[in-house]
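Student: Here it is, the structure, as structure tokens.
The values are calculated or read from the model by the stated rules, or taken from the named source; none is laboratory data. Quick caveat: nothing in here was measured; it's all calculated off a predicted structure. Please note: Cβ atoms are built from the backbone with ideal geometry, for glycine as well, and neighbour counts cover all protein chains shown. What goes into the accessible areas is simple: the full protein's heavy atoms, side chains included, and nothing from ligands, DNA or RNA. Shrake-Rupley method; radii C 1.70, N 1.55, O 1.52, S 1.80 Å.
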Amino acid sequence: MTYVSVQRLLAEAKKEINEISVHQLKDALTRVEDLVLIDIRELDEWEQGSLDEAFFLPRGNLEFGIENIVMERDTPIALMCAGGVRSIFAAKSLQDMGYTNVASVAGGFNGWKNAGYPFSVPRSLTAEQRSRYARHTIMPEVGEAGQLKLLDAKVLLIGAGGLGSPAAIYLAAAGVGTIGLVDFDVVDTSNLQRQIIHRLDAVGKPKVQSAADTIARLNPDVRVVGHQTQITSENAFDLIEQYDIVLNGSDNFPTRYLVNDACVLLGKPLVDASIFRFDGSVTVYDTAAGSPCYRCQYPDPPPPGDVPSCAEGGVLGVLPGIIGSLQAVEAIKLIVGIGTPLTGRVLQYDALEAEFREFRIHKNPDCPVCGEHPTVTQLIDYQEFCGIPHPNGNVPEPAL
Amino acid sequence: MATVRIPSPLRKYTGGQAKITVPGATVGEVVQNLVQTYPGMQSRLQDDAGEIKRFINIFVNENEIRSLQGADSPVAETDEISIVPAMAGGK
């Protein structure tokens, strides 16, 4: 057995590989279109700062991971470590794998930084977050970048009830960083049959408080903002403006038209759903992306009492669990930017027949709020729009 | 005859039936025949002028009739017509 010193090994490797200076790298990054820069340092080094153009692939995973990044053996590759030594051995290894156009960056990241060239400190998940979201980040569709988007996202839930409960729980578990809840109500025993975010010991407490307590025990990454109020034409813009996406889980038509109009006017995507007895319905209205809105689907509200509420007609407890979870899926897709959103389509679930059906809905060019010549350009009186008399008036008996 | 799907809140007017075959060459004719057979449906589906209420979506297969020819939309033997009223429930 002959002993070879690392100096000797390095000298041998240097003879076989190509080295470029940080200045040549700088030039190549602007000039060579298909150049792939790979940073082979360890995670703790990468986190201190790196080039925006660089892929992160630590030396220890290089041979296993390189084909996920570079398929073609003749693609130009530049390898960067901290000082330019590890990247020499790495370059040798890639050449041994048949990569024909590999260079090691002499001086490495430190040389780049000392030359005054730009770099940034990449955001990354903490060790705890890596473990918590491992089943997300391992999927290339989400990855660490997608998980960071979720952590940065702000989602507003109208109603912390039947639909809001499963949606809030799944969004919180998924690591949506800010969850706003609008609900003026307090928890009642009759809610517990379906509103799974609330527990028996929360009866009598404000729903936003009870929901915030449940989420706090689930995921400390999530900031819950409780808005213990009724959403109205006066406060809707202020509430919705602070968020990226709105989930509708309200229980009355005036609020549904109000939330729709506010989202259209502010250009926010609205993940809408409704439930009644054994039927559920979910869709995404995203007029900023050209989709129809709630008014395109239902131009006029039903007269008061014509369509009974869940309090009057009942609802299967698990139904909002299905539909609210679908809302959470759609919100996550919109945040991460994957898949095909449920826009221009309504997904309808009939629990009794055990059937899902999909219908198409179309943008109405004459829609008063999102059409070509809108007449609703600010929020209106939605109680009046829905024909509901003001508090001292007579409310018609619901026809069941 | 086309098949009409009845949403669960309206099944009390159809003796609990979820699917009914109804004759008619257009959506308007099918709805007219439906409300004649099940009179309780009339006030749920049509306004005083006999028009389909604007908070009810009617789909021929997957397409809403407002995107087709409204009540005049043709209906084939194999078509499925779905009645989907607006629901407000969420809590």
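Student: What are the ³J(HN,Hα) values, in whole Hz, obtained from phi via the Karplus relation 6.51 cos²θ - 1.76 cosθ + 1.60 with θ = phi - 60°, for each residue of the stretch A:59-75 in sequence order, with x given for Gly and Pro?
Tutor: Listing the rounded values in order: 3, x, 9, 4, 5, 6, x, 4, 6, 6, 9, 10, 8, 6, 6, 9, 5 Hz.
Student: Shifting gears a bit: Taking amide hydrogens as modeled 1.01 Å from N in the peptide plane, which residues meet the under 5 Å criterion relative to A:G175, leaving out close sequence neighbours?
Tutor: Here nothing satisfies the definition.
Student: Let me ask you something else. Need the list of aspartates and glutamates near A:K15 for cross-linking: C-alpha distance under 15 angstrom, and skip anything on the same chain fewer than eight residues off.
Tutor: Partners found: A:D96.
Student: Using only Cα atoms and rounding to the nearest 10 degrees, what angle (0 to 90) does helix A:86-96 make with the longest principal axis of chain A?
Tutor: 90
Student: Moving on to the next point. Against the longest alpha carbon principal axis of chain A, how many degrees, from 0 to 90 and to the nearest 10, is the axis of helix A:143-152 turned?
Tutor: Between the helix axis and the principal axis of chain A, the angle is about 40 degrees.
Student: Ignoring ligands, DNA and RNA and using a 1.4 Å probe, state the total buried accessible area between A and B in Å², rounded to the nearest 100.
Tutor: In total, this chain pair buries about 3200 Å².
Student: Right, another one. Between A:K92, A:K268, A:K15, which gets the highest mean-square fluctuation from a Gaussian network model of chain A, Cα cutoff 10 Å?
Tutor: Residue with maximal mean-square fluctuation among A:K92, A:K268, A:K15: A:K15.
Student: Once label points are set 7 Å from the Cα along Cα→Cβ at both A:V85 and A:D300, what is their separation, rounded to one decimal in nm?
Tutor: Result: 8.2 nm between the two label points.
Student: Can you list the HN-Hα couplings for the stretch A:238-253, worked out from phi with the Karplus curve (6.51, -1.76, 1.60; θ = phi - 60°), rounded to whole Hz and with x for Gly and Pro?
Tutor: 4, 5, 6, 3, 6, 10, 8, 9, 10, 10, 9, x, 7, 10, 8, 5
Student: Amide H to amide H, which residues 5 or more places from A:G371 or on other chains are under 5 Å from it, using H placed in the peptide plane?
Tutor: Counting only residues 5 or more places away or on other chains, the set is empty.
Student: Listed here are the pairs A:K26/A:K113; A:K207/A:K333; B:K53/B:K91; A:K268/B:K53; which of them are more than 18 Å apart at the Cα?
Tutor: Table pairs above 18 Å Cα-Cα are A:K207/A:K333; B:K53/B:K91; A:K268/B:K53.
Student: State the dimensionless ratio Rg/Rh of chain A (Rg: radius of gyration of Cα atoms; Rh: Kirkwood radius). Walk me through the numbers before you get to the answer.
Tutor: On the way: Rg = 27.9 Å, Rh = 24.6 Å.
Radius of gyration relative to Kirkwood radius: 1.13.
Student: Taking chain A as the reference, fit the longest principal axis to its C-alpha atoms, fit the long axis of helix A:207-218 to the helix C-alpha atoms, and give the angle between the two in degrees, 0 to 90, nearest 10.
Tutor: In chain A, helix A:207-218 runs at an angle near 30 degrees to the longest axis.
Student: Find the accessible area per residue for the stretch A:266-313; the probe is 1.4 Å, ligands and nucleic acids are left out, and the unit is Å².
Tutor: Here the per-residue accessible area is 26 Å².
Student: Continuing with the same structure: Can you list the residues, at least 5 places off or on another chain, whose amide H is less than 5 Å from the amide H of B:N57, using H built in the peptide plane?
Tutor: Correct list: B:V84, B:A86.
Student: Please check chain B for the longest run free of GluC sites (Glu not before Pro) that are loop-located per DSSP (anything but H, G, I, E, B) and have at most 16 other Cβ atoms within 10 Å.
Tutor: That would be B:1-50.
Student: Still on this model: Go through A:S131, A:S210, A:S120 and list them by solvent-accessible area, largest first, probe radius 1.4 Å.
Tutor: Most to least solvent-accessible, the answer reads A:S131, A:S120, A:S210.
Student: Over the protein assembly as shown, with every protein chain in place, what whole percent of the accessible area is carbon and sulfur at 1.4 Å, could you tell me?
Tutor: Of all accessible area on the protein assembly as shown, carbon and sulfur atoms account for 52 percent.
Student: Determine the relative contact order of the stretch B:2-85: mean sequence separation of Cα pairs under 8 Å and six or more apart, normalised by residue count, in whole percent.
Tutor: Worked out over the stretch B:2-85, it gives 39 percent.
Student: Ordered by residue, what ³J(HN,Hα) values in Hz, to whole numbers, does the stretch A:331-341 give under the Karplus form 6.51 cos²θ - 1.76 cosθ + 1.60, where θ = phi - 60° and Gly and Pro are x?
Tutor: Computed from phi, the couplings for the stretch A:331-341 are 5, 5, 4, 5, 5, 6, x, 10, x, 10, x Hz.
Student: Taking loop as defined by DSSP and a crowding limit of 16 other beta carbons within 10 Å, which trypsin sites (Lys or Arg not before Pro) in the stretch A:127-232 fit?
Tutor: On the way: sites: A:R130, A:R132, A:R135, A:K149, A:K154, A:R194, A:R199, A:K207, A:R217, A:R223; in loops: A:R194, A:R199.
The qualifying sites are A:R199.
Student: Buried by at least 30 Å² relative to the chain on its own: which residues of the stretch B:46-83 qualify, computing accessible area with a 1.4 Å probe on protein heavy atoms?
Tutor: B:R54, B:F55, B:N57, B:F59, B:E62, B:R66, B:S67
Student: Quick one: of the DSSP bridges fully inside the protein assembly as shown, what percent are antiparallel, nearest 5?
Tutor: Values: 32 of 67 bridges.
About 50 percent, rounded to the nearest 5.
Student: For chain A, calculate the relative contact order in percent as a whole number, restricting contacts to Cα pairs under 8 Å that are 6 or more residues apart.
Tutor: Once normalised by length, the contact order is 12 percent.
Student: Pop out a list of residues from the stretch A:274-299 that are at least 40 Å² less accessible with all the protein chains around than in their chain alone; 1.4 Å probe, no ligands or nucleic acids counted.
Tutor: A:F276, A:D279, A:Y298, A:P299
Student: Please list, by residue number, every one of the trypsin sites (Lys or Arg not before Pro) in the stretch B:39-72 that is coil in DSSP and has at most 15 other beta-carbon atoms within 10 Å.
Tutor: B:R54
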